[in-house]
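These notes concern the structure reproduced below.
The values are calculated or read from the model by the stated rules, or taken from the named source; none is laboratory data. Because the structure is a prediction, the values reported are computed rather than measured. Positions of Cβ are backbone-derived with ideal geometry, glycine not excepted, and every protein chain shown enters the neighbour counts. These area figures cover heavy atoms from the full protein model, side chains too; ligands, DNA and RNA do not enter into them. Shrake-Rupley method; radii C 1.70, N 1.55, O 1.52, S 1.80 Å.
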Amino acid sequence: MSPTHYCKRDDLTKQDVRDFFNVAISTKMSLAYAINILQDFIKITSELADAYACKKPFTLTEMHYARILLRHLIHPFITSKWVQLEKKDQLDPEFVLNFFVQWVDIDKMHSDEDFAEKIQALVDKVEAILSDKKYSKSDSTQWKTLTAQEKCSQGLLTERQVLAAVSYVIYGQECIQVSATANLDTLDITKILLNKRGSVLAVACIYHAVAKRCGVACDVVAFPNHFFLEWRDTDGQEYKVDLENGELKSKRRCPFSASPTNQKNIRRYCPEKLLQQILSSYLNSMGVHDNWTTQNSLRLVDLLNPSQNLDNVNQSHLSYLRNEVDLANYPELSYNALHCSHARLLSSLSYLANTIHITASDRYMFPHVVVKKRNSYIKYAVGMICTHKKHKYTGIIRGWDLIWAADWKEHGEALNRLEFGHNQPFYYLIIANQSSRYVAQENLSALTVPPRMPHLEDLIAREFTHFNGYAYEPNDEKRMEYPDDMHISNMFRSCVEVRYGEPNQDKKKLVQY
(Lines give C-alpha, C1' and ligand atoms only; values in the text may rest on other atoms or scores of the structure.)
Protein backbone atom coordinates (compact mmCIF):
# COMPACT_ATOMS: atom_id res chain seq x y z
CA MET A 1 0.00 0.00 0.00
CA SER A 2 2.77 2.44 0.81
CA PRO A 3 4.21 2.94 -2.70
CA THR A 4 0.76 3.77 -4.06
CA HIS A 5 -0.29 6.17 -1.32
CA TYR A 6 2.99 7.66 -0.11
CA CYS A 7 2.42 11.05 -1.81
CA LYS A 8 -1.25 11.40 -0.87
CA ARG A 9 -2.11 14.30 1.37
CA ASP A 10 -5.18 12.56 2.84
CA ASP A 11 -5.42 9.16 4.47
CA LEU A 12 -6.77 6.12 2.67
CA THR A 13 -10.47 6.01 1.84
CA LYS A 14 -12.68 2.93 1.60
CA GLN A 15 -12.19 3.10 -2.14
CA ASP A 16 -8.47 2.52 -1.57
CA VAL A 17 -9.09 -0.50 0.68
CA ARG A 18 -12.14 -1.93 -1.09
CA ASP A 19 -10.56 -5.34 -1.80
CA PHE A 20 -9.53 -5.83 1.83
CA PHE A 21 -12.88 -4.53 3.06
CA ASN A 22 -14.79 -7.01 0.89
CA VAL A 23 -12.71 -9.90 2.23
CA ALA A 24 -13.34 -8.75 5.82
CA ILE A 25 -17.13 -8.99 5.39
CA SER A 26 -17.21 -12.10 3.20
CA THR A 27 -18.30 -14.51 5.97
CA LYS A 28 -19.92 -14.17 9.37
CA MET A 29 -16.58 -14.71 11.17
CA SER A 30 -14.25 -12.88 8.81
CA LEU A 31 -14.79 -9.42 10.32
CA ALA A 32 -13.71 -10.59 13.78
CA TYR A 33 -10.74 -12.45 12.27
CA ALA A 34 -9.63 -9.42 10.24
CA ILE A 35 -9.84 -7.09 13.25
CA ASN A 36 -7.99 -9.54 15.51
CA ILE A 37 -5.21 -10.08 12.94
CA LEU A 38 -4.68 -6.35 12.46
CA GLN A 39 -4.72 -5.67 16.21
CA ASP A 40 -2.20 -8.48 16.82
CA PHE A 41 -0.03 -7.02 14.05
CA ILE A 42 -0.07 -3.61 15.76
CA LYS A 43 0.77 -5.17 19.13
CA ILE A 44 3.76 -7.10 17.72
CA THR A 45 5.04 -4.05 15.84
CA SER A 46 4.82 -1.90 18.97
CA GLU A 47 6.80 -4.46 20.96
CA LEU A 48 9.48 -4.67 18.26
CA ALA A 49 9.67 -0.87 18.05
CA ASP A 50 10.30 -0.72 21.80
CA ALA A 51 13.21 -3.16 21.28
CA TYR A 52 14.60 -1.24 18.24
CA ALA A 53 14.13 -4.47 16.26
CA CYS A 54 11.54 -3.64 13.61
CA LYS A 55 11.80 -5.34 10.24
CA LYS A 56 9.33 -5.84 7.43
CA PRO A 57 6.44 -6.26 7.65
CA PHE A 58 6.50 -5.09 11.27
CA THR A 59 7.34 -1.42 10.77
CA LEU A 60 5.81 1.94 11.68
CA THR A 61 4.71 2.42 8.07
CA GLU A 62 2.81 -0.87 7.86
CA MET A 63 1.33 -0.20 11.31
CA HIS A 64 0.11 3.18 10.03
CA TYR A 65 -1.85 1.52 7.23
CA ALA A 66 -3.10 -1.26 9.52
CA ARG A 67 -4.66 1.38 11.76
CA ILE A 68 -6.37 3.01 8.80
CA LEU A 69 -7.83 -0.37 7.84
CA LEU A 70 -9.05 -0.90 11.40
CA ARG A 71 -10.67 2.52 11.39
CA HIS A 72 -12.55 1.66 8.18
CA LEU A 73 -13.68 -1.66 9.63
CA ILE A 74 -14.66 -0.58 13.14
CA HIS A 75 -16.20 2.89 12.72
CA PRO A 76 -19.00 1.94 10.28
CA PHE A 77 -19.80 -1.15 12.34
CA ILE A 78 -20.21 0.65 15.67
CA THR A 79 -22.03 3.54 13.98
CA SER A 80 -24.55 0.97 12.69
CA LYS A 81 -24.90 -0.47 16.17
CA TRP A 82 -25.42 3.03 17.61
CA VAL A 83 -28.31 3.70 15.20
CA GLN A 84 -29.80 0.26 15.82
CA LEU A 85 -29.92 0.82 19.59
CA GLU A 86 -31.04 4.42 19.06
CA LYS A 87 -34.09 3.22 17.13
CA LYS A 88 -34.86 0.79 19.97
CA ASP A 89 -34.28 3.50 22.62
CA GLN A 90 -31.56 1.36 24.22
CA LEU A 91 -28.59 3.75 24.15
CA ASP A 92 -27.76 3.42 27.83
CA PRO A 93 -24.91 5.52 29.29
CA GLU A 94 -22.60 2.52 29.60
CA PHE A 95 -22.98 1.77 25.88
CA VAL A 96 -22.25 5.42 25.04
CA LEU A 97 -19.07 5.25 27.14
CA ASN A 98 -17.90 2.02 25.51
CA PHE A 99 -18.83 3.36 22.06
CA PHE A 100 -16.44 6.25 22.60
CA VAL A 101 -13.63 3.95 23.77
CA GLN A 102 -14.17 1.64 20.76
CA TRP A 103 -14.19 4.59 18.36
CA VAL A 104 -11.00 6.13 19.72
CA ASP A 105 -8.87 3.12 20.74
CA ILE A 106 -8.99 0.89 17.66
CA ASP A 107 -5.76 -0.93 18.62
CA LYS A 108 -7.68 -3.10 21.10
CA MET A 109 -11.00 -4.88 21.11
CA HIS A 110 -13.54 -3.23 23.41
CA SER A 111 -16.65 -5.28 22.73
CA ASP A 112 -19.93 -4.48 24.45
CA GLU A 113 -20.07 -8.11 25.61
CA ASP A 114 -16.80 -7.72 27.53
CA PHE A 115 -18.05 -4.46 29.03
CA ALA A 116 -21.30 -6.12 30.13
CA GLU A 117 -19.32 -8.99 31.64
CA LYS A 118 -17.33 -6.62 33.86
CA ILE A 119 -20.48 -4.78 34.89
CA GLN A 120 -22.10 -8.11 35.77
CA ALA A 121 -19.11 -9.00 37.97
CA LEU A 122 -19.80 -5.84 39.98
CA VAL A 123 -23.51 -6.68 40.10
CA ASP A 124 -22.67 -10.13 41.51
CA LYS A 125 -20.73 -8.49 44.33
CA VAL A 126 -23.72 -6.27 45.11
CA GLU A 127 -25.99 -9.35 45.06
CA ALA A 128 -23.65 -11.11 47.50
CA ILE A 129 -23.94 -8.22 49.95
CA LEU A 130 -27.72 -7.97 49.65
CA SER A 131 -28.20 -11.73 50.09
CA ASP A 132 -27.18 -11.34 53.74
CA LYS A 133 -30.08 -12.21 56.06
CA LYS A 134 -29.75 -8.89 57.88
CA TYR A 135 -31.54 -7.31 54.94
CA SER A 136 -34.36 -9.87 55.06
CA LYS A 137 -37.76 -8.79 56.42
CA SER A 138 -38.74 -12.42 56.93
CA ASP A 139 -37.22 -15.85 57.35
CA SER A 140 -38.16 -16.82 53.82
CA THR A 141 -36.00 -19.61 52.42
CA GLN A 142 -36.25 -17.98 49.00
CA TRP A 143 -34.36 -14.86 50.11
CA LYS A 144 -31.03 -15.98 48.69
CA THR A 145 -32.53 -17.18 45.43
CA LEU A 146 -34.08 -13.82 44.58
CA THR A 147 -32.09 -11.21 42.72
CA ALA A 148 -31.76 -7.66 44.00
CA GLN A 149 -34.06 -6.51 41.19
CA GLU A 150 -36.74 -9.01 42.27
CA LYS A 151 -36.37 -8.03 45.92
CA CYS A 152 -36.85 -4.37 45.00
CA SER A 153 -39.91 -5.06 42.85
CA GLN A 154 -41.49 -7.11 45.66
CA GLY A 155 -40.73 -4.46 48.28
CA LEU A 156 -38.33 -6.71 50.18
CA LEU A 157 -35.53 -4.16 49.74
CA THR A 158 -35.60 -0.41 49.50
CA GLU A 159 -33.83 1.32 46.63
CA ARG A 160 -31.78 3.25 49.16
CA GLN A 161 -30.41 -0.04 50.53
CA VAL A 162 -29.49 -1.19 47.05
CA LEU A 163 -27.68 2.08 46.28
CA ALA A 164 -25.78 1.81 49.56
CA ALA A 165 -24.58 -1.66 48.50
CA VAL A 166 -23.64 -0.39 45.01
CA SER A 167 -21.63 2.45 46.56
CA TYR A 168 -19.89 0.04 48.93
CA VAL A 169 -18.84 -2.26 46.08
CA ILE A 170 -17.57 0.53 43.79
CA TYR A 171 -15.89 2.74 46.39
CA GLY A 172 -15.31 0.29 49.25
CA GLN A 173 -14.41 -3.06 47.71
CA GLU A 174 -13.09 -1.86 44.33
CA CYS A 175 -11.62 1.34 45.84
CA ILE A 176 -12.37 3.38 42.71
CA GLN A 177 -11.12 6.97 42.88
CA VAL A 178 -12.41 9.74 40.67
CA SER A 179 -9.96 11.46 38.34
CA ALA A 180 -10.35 14.95 36.89
CA THR A 181 -8.82 13.84 33.57
CA ALA A 182 -10.57 11.88 30.84
CA ASN A 183 -8.19 9.68 28.87
CA LEU A 184 -8.13 6.04 27.84
CA ASP A 185 -6.80 5.04 31.25
CA THR A 186 -9.77 6.66 33.01
CA LEU A 187 -12.51 5.87 30.47
CA ASP A 188 -11.83 2.19 29.69
CA ILE A 189 -13.57 0.02 32.30
CA THR A 190 -10.81 -2.62 32.16
CA LYS A 191 -8.15 -0.05 33.06
CA ILE A 192 -10.42 1.62 35.62
CA LEU A 193 -10.88 -1.64 37.55
CA LEU A 194 -7.17 -2.41 37.24
CA ASN A 195 -5.80 1.02 38.19
CA LYS A 196 -8.62 1.86 40.64
CA ARG A 197 -9.06 5.26 39.03
CA GLY A 198 -11.68 6.55 36.61
CA SER A 199 -13.01 9.72 35.08
CA VAL A 200 -16.10 11.13 36.77
CA LEU A 201 -17.98 10.46 33.50
CA ALA A 202 -16.94 6.81 33.42
CA VAL A 203 -17.65 6.24 37.13
CA ALA A 204 -21.14 7.69 36.68
CA CYS A 205 -21.84 5.37 33.74
CA ILE A 206 -20.57 2.34 35.65
CA TYR A 207 -22.60 3.27 38.74
CA HIS A 208 -25.71 3.74 36.58
CA ALA A 209 -25.23 0.36 34.90
CA VAL A 210 -24.77 -1.55 38.16
CA ALA A 211 -27.72 0.18 39.85
CA LYS A 212 -29.99 -0.48 36.86
CA ARG A 213 -29.17 -4.20 36.85
CA CYS A 214 -30.00 -4.26 40.56
CA GLY A 215 -33.43 -2.72 39.96
CA VAL A 216 -32.75 0.97 40.73
CA ALA A 217 -33.20 3.65 38.09
CA CYS A 218 -30.72 6.53 38.21
CA ASP A 219 -30.56 9.30 35.63
CA VAL A 220 -27.36 10.50 33.97
CA VAL A 221 -27.90 14.21 33.33
CA ALA A 222 -25.54 15.78 30.80
CA PHE A 223 -25.87 19.16 29.13
CA PRO A 224 -23.36 22.00 28.58
CA ASN A 225 -21.27 22.67 31.70
CA HIS A 226 -23.37 20.26 33.77
CA PHE A 227 -22.98 16.58 34.54
CA PHE A 228 -24.40 14.62 37.46
CA LEU A 229 -26.12 11.38 38.46
CA GLU A 230 -29.48 11.73 40.19
CA TRP A 231 -31.97 9.41 41.88
CA ARG A 232 -35.58 9.98 42.95
CA ASP A 233 -37.06 8.18 45.94
CA THR A 234 -40.65 6.94 46.15
CA ASP A 235 -41.77 10.33 47.49
CA GLY A 236 -40.35 12.13 44.45
CA GLN A 237 -37.49 13.69 46.40
CA GLU A 238 -34.44 14.16 44.15
CA TYR A 239 -30.95 13.22 45.29
CA LYS A 240 -27.62 13.60 43.61
CA VAL A 241 -25.13 10.73 43.86
CA ASP A 242 -21.78 12.09 45.01
CA LEU A 243 -19.46 10.45 42.49
CA GLU A 244 -16.48 10.90 44.80
CA ASN A 245 -17.82 8.48 47.42
CA GLY A 246 -21.33 7.31 46.39
CA GLU A 247 -23.21 9.22 49.11
CA LEU A 248 -26.73 10.51 48.39
CA LYS A 249 -27.14 14.25 48.80
CA SER A 250 -30.33 16.27 48.65
CA LYS A 251 -30.39 17.98 45.30
CA ARG A 252 -31.20 21.62 44.69
CA ARG A 253 -32.13 22.91 41.25
CA CYS A 254 -29.19 24.53 39.50
CA PRO A 255 -30.18 28.15 38.69
CA PHE A 256 -28.24 27.96 35.42
CA SER A 257 -29.64 24.66 34.16
CA ALA A 258 -33.06 25.75 32.89
CA SER A 259 -36.25 27.59 33.78
CA PRO A 260 -38.86 25.59 35.72
CA THR A 261 -41.09 25.35 32.65
CA ASN A 262 -38.61 23.75 30.28
CA GLN A 263 -36.12 22.26 32.72
CA LYS A 264 -37.45 18.71 32.36
CA ASN A 265 -36.94 18.61 28.60
CA ILE A 266 -33.47 20.13 28.75
CA ARG A 267 -32.31 17.74 31.47
CA ARG A 268 -33.77 14.67 29.82
CA TYR A 269 -31.10 12.03 29.18
CA CYS A 270 -29.71 12.40 25.68
CA PRO A 271 -27.08 9.91 24.45
CA GLU A 272 -25.58 12.36 21.97
CA LYS A 273 -25.16 15.01 24.67
CA LEU A 274 -23.43 12.48 26.90
CA LEU A 275 -21.17 11.43 24.02
CA GLN A 276 -20.41 15.09 23.34
CA GLN A 277 -19.55 15.56 27.03
CA ILE A 278 -17.17 12.58 26.99
CA LEU A 279 -15.56 13.80 23.75
CA SER A 280 -15.10 17.35 25.08
CA SER A 281 -13.57 16.10 28.33
CA TYR A 282 -11.24 13.80 26.42
CA LEU A 283 -10.04 16.53 24.04
CA ASN A 284 -9.55 18.95 26.94
CA SER A 285 -7.48 16.35 28.80
CA MET A 286 -5.36 15.49 25.74
CA GLY A 287 -4.75 19.15 24.87
CA VAL A 288 -2.80 19.66 21.66
CA HIS A 289 -1.31 16.16 21.71
CA ASP A 290 -1.75 14.60 18.26
CA ASN A 291 -1.80 10.83 17.86
CA TRP A 292 -4.07 8.12 16.50
CA THR A 293 -6.58 8.36 19.37
CA THR A 294 -6.99 12.13 19.07
CA GLN A 295 -7.25 11.85 15.29
CA ASN A 296 -10.04 9.30 15.74
CA SER A 297 -11.77 11.50 18.32
CA LEU A 298 -11.79 14.40 15.85
CA ARG A 299 -13.61 12.16 13.38
CA LEU A 300 -16.23 11.75 16.08
CA VAL A 301 -16.67 15.53 16.01
CA ASP A 302 -17.73 15.10 12.35
CA LEU A 303 -20.26 12.49 13.43
CA LEU A 304 -21.82 14.68 16.14
CA ASN A 305 -21.87 17.95 14.22
CA PRO A 306 -23.95 17.85 11.02
CA SER A 307 -22.19 19.49 8.11
CA GLN A 308 -23.09 20.39 4.57
CA ASN A 309 -19.65 19.23 3.49
CA LEU A 310 -20.13 16.37 1.02
CA ASP A 311 -16.80 14.94 2.13
CA ASN A 312 -18.06 14.32 5.68
CA VAL A 313 -18.10 10.52 5.53
CA ASN A 314 -19.10 9.94 9.16
CA GLN A 315 -22.09 12.28 9.01
CA SER A 316 -23.16 10.76 5.68
CA HIS A 317 -23.02 7.27 7.22
CA LEU A 318 -25.11 8.39 10.18
CA SER A 319 -27.69 10.14 8.00
CA TYR A 320 -27.96 7.12 5.68
CA LEU A 321 -28.40 4.67 8.56
CA ARG A 322 -31.05 6.82 10.23
CA ASN A 323 -33.08 7.70 7.18
CA GLU A 324 -32.58 4.93 4.64
CA VAL A 325 -32.23 1.73 6.68
CA ASP A 326 -34.68 0.10 9.09
CA LEU A 327 -32.04 -1.14 11.49
CA ALA A 328 -34.59 -1.82 14.24
CA ASN A 329 -35.66 -4.96 12.33
CA TYR A 330 -32.10 -6.18 11.71
CA PRO A 331 -30.61 -8.96 13.87
CA GLU A 332 -28.41 -7.74 16.72
CA LEU A 333 -25.03 -6.61 15.43
CA SER A 334 -22.03 -8.63 16.63
CA TYR A 335 -18.39 -8.79 15.58
CA ASN A 336 -18.27 -12.56 16.05
CA ALA A 337 -21.36 -13.44 14.01
CA LEU A 338 -21.78 -11.04 11.10
CA HIS A 339 -25.20 -11.70 9.58
CA CYS A 340 -25.45 -11.52 5.78
CA SER A 341 -27.76 -8.50 6.10
CA HIS A 342 -25.08 -6.72 8.13
CA ALA A 343 -22.46 -7.53 5.48
CA ARG A 344 -24.69 -6.01 2.79
CA LEU A 345 -25.22 -2.95 4.98
CA LEU A 346 -21.48 -2.41 5.55
CA SER A 347 -20.89 -2.89 1.83
CA SER A 348 -23.47 -0.20 1.06
CA LEU A 349 -21.71 2.16 3.48
CA SER A 350 -18.48 1.46 1.61
CA TYR A 351 -20.16 2.36 -1.66
CA LEU A 352 -21.60 5.53 -0.10
CA ALA A 353 -18.13 6.59 1.03
CA ASN A 354 -16.77 6.03 -2.48
CA THR A 355 -19.44 8.19 -4.08
CA ILE A 356 -18.98 11.19 -1.79
CA HIS A 357 -15.17 11.28 -2.03
CA ILE A 358 -13.80 13.30 -4.91
CA THR A 359 -10.66 11.85 -6.42
CA ALA A 360 -9.04 15.12 -7.45
CA SER A 361 -5.45 16.10 -8.08
CA ASP A 362 -5.45 18.32 -4.99
CA ARG A 363 -5.42 15.16 -2.88
CA TYR A 364 -1.79 14.62 -3.80
CA MET A 365 1.13 16.56 -2.49
CA PHE A 366 3.19 15.63 -5.54
CA PRO A 367 2.29 13.62 -8.64
CA HIS A 368 5.39 11.52 -8.06
CA VAL A 369 8.39 11.29 -5.77
CA VAL A 370 10.97 14.01 -6.50
CA VAL A 371 14.49 12.68 -5.96
CA LYS A 372 16.63 15.02 -3.82
CA LYS A 373 20.32 14.96 -4.76
CA ARG A 374 22.79 15.82 -2.00
CA ASN A 375 25.84 18.02 -2.36
CA SER A 376 28.87 18.51 -0.13
CA TYR A 377 27.22 21.36 1.81
CA ILE A 378 24.44 19.21 3.27
CA LYS A 379 25.59 17.89 6.63
CA TYR A 380 22.64 15.97 8.08
CA ALA A 381 20.19 13.34 6.79
CA VAL A 382 16.50 12.55 7.06
CA GLY A 383 15.63 10.56 10.16
CA MET A 384 18.43 12.06 12.26
CA ILE A 385 17.52 13.67 15.57
CA CYS A 386 18.95 17.15 16.04
CA THR A 387 18.62 20.05 18.44
CA HIS A 388 18.43 23.79 17.79
CA LYS A 389 21.59 25.52 19.07
CA LYS A 390 19.76 28.63 20.26
CA HIS A 391 16.24 27.54 21.17
CA LYS A 392 17.28 24.06 22.42
CA TYR A 393 14.29 22.17 21.03
CA THR A 394 14.83 18.66 19.64
CA GLY A 395 13.28 17.26 16.49
CA ILE A 396 13.40 14.68 13.71
CA ILE A 397 14.56 15.69 10.23
CA ARG A 398 11.82 14.90 7.69
CA GLY A 399 13.41 16.57 4.67
CA TRP A 400 15.78 19.28 3.44
CA ASP A 401 16.32 21.87 0.71
CA LEU A 402 19.67 22.85 -0.80
CA ILE A 403 18.80 26.52 -0.17
CA TRP A 404 15.85 28.36 1.30
CA ALA A 405 12.89 27.18 -0.75
CA ALA A 406 9.99 28.93 0.94
CA ASP A 407 8.73 32.51 0.76
CA TRP A 408 11.76 33.69 2.68
CA LYS A 409 11.05 37.43 2.34
CA GLU A 410 8.48 37.36 5.15
CA HIS A 411 11.26 35.99 7.40
CA GLY A 412 13.77 38.56 6.27
CA GLU A 413 14.85 39.62 9.75
CA ALA A 414 15.55 36.06 10.83
CA LEU A 415 17.50 35.39 7.64
CA ASN A 416 19.50 38.55 8.10
CA ARG A 417 20.63 37.30 11.47
CA LEU A 418 21.99 34.09 9.93
CA GLU A 419 25.69 34.01 9.18
CA PHE A 420 25.14 32.32 5.80
CA GLY A 421 21.70 33.84 5.12
CA HIS A 422 19.33 31.90 2.88
CA ASN A 423 22.12 30.45 0.74
CA GLN A 424 22.60 27.31 2.86
CA PRO A 425 20.72 24.03 3.43
CA PHE A 426 17.44 24.24 5.37
CA TYR A 427 15.80 21.30 7.13
CA TYR A 428 12.17 20.36 7.77
CA LEU A 429 11.87 19.24 11.40
CA ILE A 430 9.02 17.91 13.49
CA ILE A 431 9.90 18.80 17.07
CA ALA A 432 8.99 17.46 20.48
CA ASN A 433 5.79 19.54 20.84
CA GLN A 434 4.57 18.06 17.50
CA SER A 435 4.92 21.33 15.59
CA SER A 436 6.97 21.77 12.41
CA ARG A 437 10.04 23.96 11.93
CA TYR A 438 12.15 25.07 8.97
CA VAL A 439 15.68 25.45 10.31
CA ALA A 440 18.95 26.64 8.81
CA GLN A 441 21.81 24.16 8.93
CA GLU A 442 24.01 26.53 10.96
CA ASN A 443 21.46 26.39 13.80
CA LEU A 444 21.32 22.59 14.02
CA SER A 445 23.44 20.21 16.03
CA ALA A 446 23.25 16.39 16.03
CA LEU A 447 22.94 14.46 19.30
CA THR A 448 25.36 11.70 20.16
CA VAL A 449 22.79 9.75 22.19
CA PRO A 450 19.51 10.79 20.59
CA PRO A 451 16.31 9.78 22.37
CA ARG A 452 13.55 7.82 20.75
CA MET A 453 10.51 10.09 20.33
CA PRO A 454 7.50 7.74 20.46
CA HIS A 455 4.96 10.56 20.76
CA LEU A 456 5.98 11.69 17.25
CA GLU A 457 5.89 8.27 15.62
CA ASP A 458 2.21 8.43 14.65
CA LEU A 459 3.02 11.61 12.69
CA ILE A 460 6.06 10.23 10.84
CA ALA A 461 4.95 6.62 10.34
CA ARG A 462 4.19 7.11 6.65
CA GLU A 463 7.84 8.08 6.10
CA PHE A 464 9.93 6.00 8.54
CA THR A 465 10.01 2.36 9.58
CA HIS A 466 11.50 2.46 13.10
CA PHE A 467 14.05 3.97 15.46
CA ASN A 468 17.31 2.02 15.20
CA GLY A 469 18.92 3.35 18.37
CA TYR A 470 20.43 6.40 16.68
CA ALA A 471 17.99 7.66 14.02
CA TYR A 472 14.68 6.86 12.38
CA GLU A 473 15.20 4.72 9.31
CA PRO A 474 13.38 5.95 6.18
CA ASN A 475 11.04 3.53 4.45
CA ASP A 476 11.47 2.51 0.82
CA GLU A 477 9.57 5.52 -0.52
CA LYS A 478 11.53 7.99 1.60
CA ARG A 479 14.77 6.36 0.47
CA MET A 480 13.69 6.83 -3.15
CA GLU A 481 13.18 10.50 -2.38
CA TYR A 482 16.48 10.87 -0.46
CA PRO A 483 18.61 8.03 -1.89
CA ASP A 484 21.94 8.98 -0.25
CA ASP A 485 20.77 9.97 3.22
CA MET A 486 20.85 6.55 4.87
CA HIS A 487 24.57 6.36 4.17
CA ILE A 488 25.14 9.72 5.91
CA SER A 489 23.05 8.71 8.91
CA ASN A 490 25.03 5.46 9.26
CA MET A 491 28.27 7.39 9.01
CA PHE A 492 27.22 9.62 11.93
CA ARG A 493 26.26 6.55 13.91
CA SER A 494 29.62 4.88 13.24
CA CYS A 495 31.44 7.99 14.50
CA VAL A 496 29.35 7.94 17.68
CA GLU A 497 30.08 4.24 18.25
CA VAL A 498 33.81 4.83 17.88
CA ARG A 499 33.78 7.71 20.34
CA TYR A 500 31.13 6.69 22.88
CA GLY A 501 30.10 3.10 22.17
CA GLU A 502 26.75 1.83 20.92
CA PRO A 503 24.13 4.61 21.29
CA ASN A 504 21.19 4.04 23.64
CA GLN A 505 22.77 0.96 25.17
CA ASP A 506 23.32 2.82 28.42
CA LYS A 507 21.68 5.90 29.90
CA LYS A 508 24.20 8.46 28.76
CA LYS A 509 23.49 12.14 29.07
CA LEU A 510 22.74 13.90 25.77
CA VAL A 511 25.96 15.29 24.33
CA GLN A 512 26.17 17.63 21.35
CA TYR A 513 28.97 17.72 18.81
Of all residues making up the range 155-180, the number that are assigned to a helix (DSSP H, G or I), closer than 17 Å to ALA121 by Cβ and open to solvent by 40 Å² or more (accessible area, probe 1.4 Å): 2
Any hit, the range 59-67, residues being open to solvent by 20 Å² or more (accessible area, probe 1.4 Å), part of a loop (DSSP other than H, G, I, E, B) and either among the small types (Gly, Ala, Ser) or in contact (Cβ under 8 Å) with a residue 12 or more places away in the chain (or both): no
Residues being assigned to a helix (DSSP H, G or I) and either basic (Lys, Arg) or open to solvent by 10 Å² or more (accessible area, probe 1.4 Å) (or both) - total across the range 476-503: 19
Test for ILE42: is it closer than 21 Å to LEU346 by Cα and open to solvent by less than 60 Å² (accessible area, probe 1.4 Å): no
Residue within the range 101-115 that is among the polar types (S, T, N, Q), at pLDDT 90 or above and either open to solvent by less than 30 Å² (accessible area, probe 1.4 Å) or in a helix (DSSP H, G or I) (or both) present: yes
Check on SER361, surrounded by 13 or more Cβ atoms within 10 Å (Cβ to Cβ) and either hydroxyl-bearing (Ser, Thr, Tyr) or at pLDDT below 90 (or both): no
Some residue of the range 421-429 being surrounded by fewer than 21 Cβ atoms within 10 Å (Cβ to Cβ), under 26 Å from ASP290 (Cα atoms) and in contact with a helix residue (DSSP H, G or I) (Cβ under 6 Å, 6 or more places away or on another chain): no
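Could you please let me know if VAL126 is hydrophobic (A, V, I, L, M, F, W, C) and closer than 30 Å to GLN154 by Cα?
yes
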Condition met for GLU473 (assigned to a strand (DSSP E or B) and among the charged types (D, E, K, R)): yes
